[in-house]
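Reading through the structure tokens given below for one structure.
The values are calculated or read from the model by the stated rules, or taken from the named source; none is laboratory data. Treat the numbers as computed from the prediction; the structure is a model and nothing was measured. Glycine also receives a Cβ, built like all others from the backbone with ideal geometry; neighbour counts cover every protein chain displayed. Note: accessible area is taken over every heavy atom of the protein model, side chains too, but ligands, DNA and RNA are not part of it. Shrake-Rupley method; radii C 1.70, N 1.55, O 1.52, S 1.80 Å.
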Amino acid sequence: TITFNIAGTGVHTINVASALPAITGTVTIDATTDDSYGVNSNRPAIILDGNNAFTGDGLVLSASADGSTIRGLVIRDFSGDGIEIEAGSDNNTITGNYIGRLTQTGADAGAGEVNTGSGIRVLGANNVIGGALASDRNVIAGNNNDGVTITGAGAYGNQLLGNWIGIDAAATVELANGAQGVYIGDGAFNNTVGGSAWGAGNVIGGAAFAGIEIRGAGTTGNRIEGNFIGTDATGSLNFGNGNNGIYLVAGATGNTIGGTASGTGNLIAFNADRGIVLQDTATTGNAFLGNTIFS
């Protein structure tokens, strides 16, 4: 377990001069243990800043780091992904972080603080990103690639819950990720984005392209439930994504968008192009149920 006890209650920045080693064992990194967290209104106050000084990701969980937790950090300005969960790294929890061009208040830190890759890249299985409580929410905004990338045949059973993707921590301002809000592809299967329970839905807005893209043969069994795509939980704020709300393409089959049970439908609004696009004849057997699509 890594805890923090840095002198003073102000914001603390760890300036990283070279790539950090990959994490190779089960570890809990908990920046909420520093007294600056409470003084900062229970928001991340330890900034891990790559200063764009080298090529590499921020924190990497290797295949032997199963069951790890990363909590309460601002992770920004890396020439790679903010967090990468490698193939074979399973049952990890990523919760309560600000990932992207963000300050300790969750506001825009400026274009110079972007991660040039995705906010979080997941290649492993059964990982939990976020949670139903506000304190578990990750704010993932202002990354050059996707907000969250879930990719490859080893990426299954992952849950993306209660996160704010492409907006600031106050949920008032778009802070775009440079590609998709969430990308699921290349054989990733049986992953869940959102859910019907209170607090499980993600807010996904402001992406340069689609709010959610589901792509490729073998990308199947994924469920998109109870999310707010292009808008907030009230359906009144315009956080429209740059083209489609949800985009299925290139042979993605057997995925479910929404559902018939209470709370499983997605609220899809204000996107610059269509609400949902099913692109080609190879993309078959997908279900669209109970969604609200407007504006």
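Values computed for the structure shown
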{"quantity": "Per residue solvent-accessible surface (Å²) - the chain, probe of 1.4 Å", "calculated": "35"}
{"quantity": "For the range 111-201, share of DSSP beta bridges that run antiparallel, in % to the nearest 5", "calculated": "5"}
{"quantity": "Full-stretch length increase - Ala171, Asn52 - with 0.36 nm per residue and alpha-carbon distance subtracted", "calculated": "40.1 nm"}
{"quantity": "Value of D in µm² per second that Stokes-Einstein yields for the range 54-194, Kirkwood Rh from Cα pairs, at 10 °C (1.306 mPa s)", "calculated": "111"}
{"quantity": "For the chain, convex hull volume per residue from C-alpha positions, Å³", "calculated": "105"}
{"quantity": "Of all accessible heavy-atom area on the range 100-214, the percent that carbon and sulfur account for (1.4 Å)", "calculated": "55"}
{"quantity": "Zone of Ala17's modelled label, taken as backbone nitrogen in the range 41-69 under 19 Å from a point 7 Å along Cα→Cβ", "calculated": "47-58"}
{"quantity": "Apportionment of accessible area to carbon and sulfur, the range 1-63, percent (1.4 Å)", "calculated": "50"}
{"quantity": "Within the chain, helix-based [θ] at 222 nm, where runs of 4 or more DSSP H residues each add -39,500 (n - 2.57), nearest 500", "calculated": "-500 deg cm²/dmol"}
{"quantity": "Inter-probe distance in nm under a simple model that places probes 7 Å from Cα toward Cβ, at Ser41 and Thr260", "calculated": "4.4"}
{"quantity": "For the chain, share of DSSP beta bridges that run antiparallel, in % to the nearest 5", "calculated": "5"}
{"quantity": "Intensity falloff of the range 82-147 expressed as log10 I(q)/I(0), Debye formula with alpha-carbon point scatterers, at q = 0.13, 0.22, 0.24 Å⁻¹", "calculated": "-0.36, -0.91, -1.02"}
{"quantity": "The range 188-236: chymotrypsin sites (Phe, Trp or Tyr not before Pro) in DSSP coil with no more than 11 other Cβ atoms inside 10 Å", "calculated": "Trp198"}
